[in-house]
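To start, the structure itself, in structure tokens.
The values are calculated or read from the model by the stated rules, or taken from the named source; none is laboratory data. Because the structure is a prediction, the values reported are computed rather than measured. Because the Cβ atoms are built from the backbone with ideal geometry, glycine has one as well, and the counts that use them run over all protein chains shown. What goes into the accessible areas is simple: the full protein's heavy atoms, side chains included, and nothing from ligands, DNA or RNA. Shrake-Rupley method; radii C 1.70, N 1.55, O 1.52, S 1.80 Å.
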Amino acid sequence: GLINTGTDRFQFNGINYFSYPMVSSYQDFPTTSTTKSLAFGMEATISGDAPTASIYNDFFKAYLSRIFSTKSRIVHFDAILPVNEWLQLQMNDTIAVSGNYYKIQNIEYDILNERAHLVLFSYPNVELQTYTSTGNNTGWQDAQERPDGVTTLNGDAVGRGVTNSKPLFGGGTGVTVLGNKVFNDTTMQKVRDAVNEMLKGRNVIVAYNETPTAIVIPETGIFEPIPLSNNYTLGNPYYYLLSSPVIAVNVSARYKVTAEIGYQHTHGHNMDFAILVNGLVTSGYSFVGKFDQSTSISEVFDLGAGSEVSVGISSPDGFILNVDIQSIKVRIERL
């Protein structure tokens, strides 16, 4: 189409022109969330939107989802197939056999005897994972199981791959645009977009207990775990799972763990504060002494999937101790 320049004009061969052809990967400018796009997945435009009508959504979503259905199967057929029928077959055709639908994967044809060996895969009409866009924010909804099966192209990894999105600071996902969306765009929006760009690869969980907690430390020297009742995440929440008093790590990687504690007591005995992995004391360890105080410890660990991180206090001098935990916070960041 043509973009109208209003009262502005340009000249070519002495002729005034008030419009020019739009050269773009998108149907319209400025774009909207429903603008047709030549991109395979969702990609942010210069005007700050991520159109959902992409090549994947319009042409590949149903096809790929059905191929990767839990009910899809490879089927081999031998058929007598006239030459004129064979010549009209296309690789993207859907074939019906006894009321069942199939897509073509391969055909071997004997043109002299008009016999064909067809390799087909079943084509169930499964529910599809859907994708959304509001401005430059993106989202997706997994398909649900039904008699026709469910597509295995579900989940966070597929959703991010198709939408080209990354974690946003403060939660959610989006496609960051560092340029102006409109004339005189706000400075704060550009600052937030720049922060999103810097933090896009981070995966962090912060677990804490928002109310003071009284715990009893046994005299055996074993570390008593401190409850962690709340959490918030930055980045992909799949990396972690809080199940008080432990944080389970779902992805093998190198992590930095920082623990902060503030406490009160009247017993006048020494205590130890430590980061525990799978219930075992680690090099993240601190002697906290006899008096009310706060302290923090930080350590880097190579953690495998399924590792459980917690913090605890012990009594090194062999006394049963009553302690009021005023504040506790544990922060785990994938490096």
Item to check | Search result, residues across the stretch 127-153 that are closer than 18 Å to Ser54 by Cα and touching a residue at least 24 places away in the same chain (Cβ under 8 Å) | outcome: Leu128, Gln129, Tyr131, Thr132, Ser133, Thr134, Gly135, Asn136, Asn137, Thr138, Gly139, Leu153
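Residue under question is Gln90, and the condition is that it be in a loop (DSSP other than H, G, I, E, B) and open to solvent by 90 Å² or more (accessible area, probe 1.4 Å); does it hold? If you could, list the steps in order and put the result at the bottom.
On the way: in a loop (DSSP other than H, G, I, E, B): yes; open to solvent by 90 Å² or more (accessible area, probe 1.4 Å): yes.
Yes; evaluated as a whole, the condition is true for this residue.
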Checklist entry - Name the pairs: first residue in the stretch 91-107 and under 17 Å from Lys71 (Cβ atoms), second residue open to solvent by 60 Å² or more (accessible area, probe 1.4 Å) and of a type in the set (Phe, Trp, Tyr), Cβ to Cβ under 7 Å, at least 6 apart or on different chains? => result Thr94/Tyr101
Checklist outcome for this item: Ala157: passes all of (1) at pLDDT 90 or above; (2) open to solvent by 70 Å² or more (accessible area, probe 1.4 Å); (3) not in a loop (DSSP other than H, G, I, E, B) but (1)
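For the stretch 21-60, enumerate the residues that are outside any loop (DSSP other than H, G, I, E, B) and either surrounded by 12 or more Cβ atoms within 10 Å (Cβ to Cβ) or at pLDDT 85 or above (or both). Break it down into steps so the answer makes sense when it comes.
As a first pass, look at the stretch 21-60 and keep what is outside any loop (DSSP other than H, G, I, E, B): 21, 26, 36-37, 53, 55-60.
The answer is Tyr26, Lys36, Ser37, Ala53, Ile55, Tyr56, Asn57, Asp58, Phe59, Phe60.
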Checklist outcome for this item: Within the stretch 34-64, the count of residues that are within 19 Å of the chain's Cα centre (by Cα) and hydroxyl-bearing (Ser, Thr, Tyr) comes to 2
Checklist entry - What pairs can you find where one residue is in the stretch 20-41 and within 19 Å of Gly159 (Cα to Cα), the other is acidic (Asp, Glu) and surrounded by 16 or more Cβ atoms within 10 Å (Cβ to Cβ), and their Cβ atoms are less than 8 Å apart, with a gap of 6+ or different chains? => result Ser33/Asp49; Ser37/Glu43
Next on the checklist: Taking the criterion of being under 24 Å from the mean Cα position of the chain (by Cα), in contact (Cβ under 8 Å) with a residue 24 or more places away in the chain and in a strand (DSSP E or B), would at least one residue in the stretch 269-288 satisfy it?
Outcome noted: no
Item to check | Residue list for the stretch 116-135, restricted to those being assigned to a loop (DSSP other than H, G, I, E, B), closer than 21 Å to Ser165 by Cα and open to solvent by 20 Å² or more (accessible area, probe 1.4 Å) | outcome: Leu128, Gly135
Next on the checklist: Testing Glu114 on (1) farther than 30 Å from Thr32 by Cβ; (2) in contact (Cβ under 8 Å) with a residue 60 or more places away in the chain; (3) in contact with a Pro (Cβ under 9 Å, 6 or more places away or on another chain), one condition comes back false. Which one is that?
Outcome noted: (2)
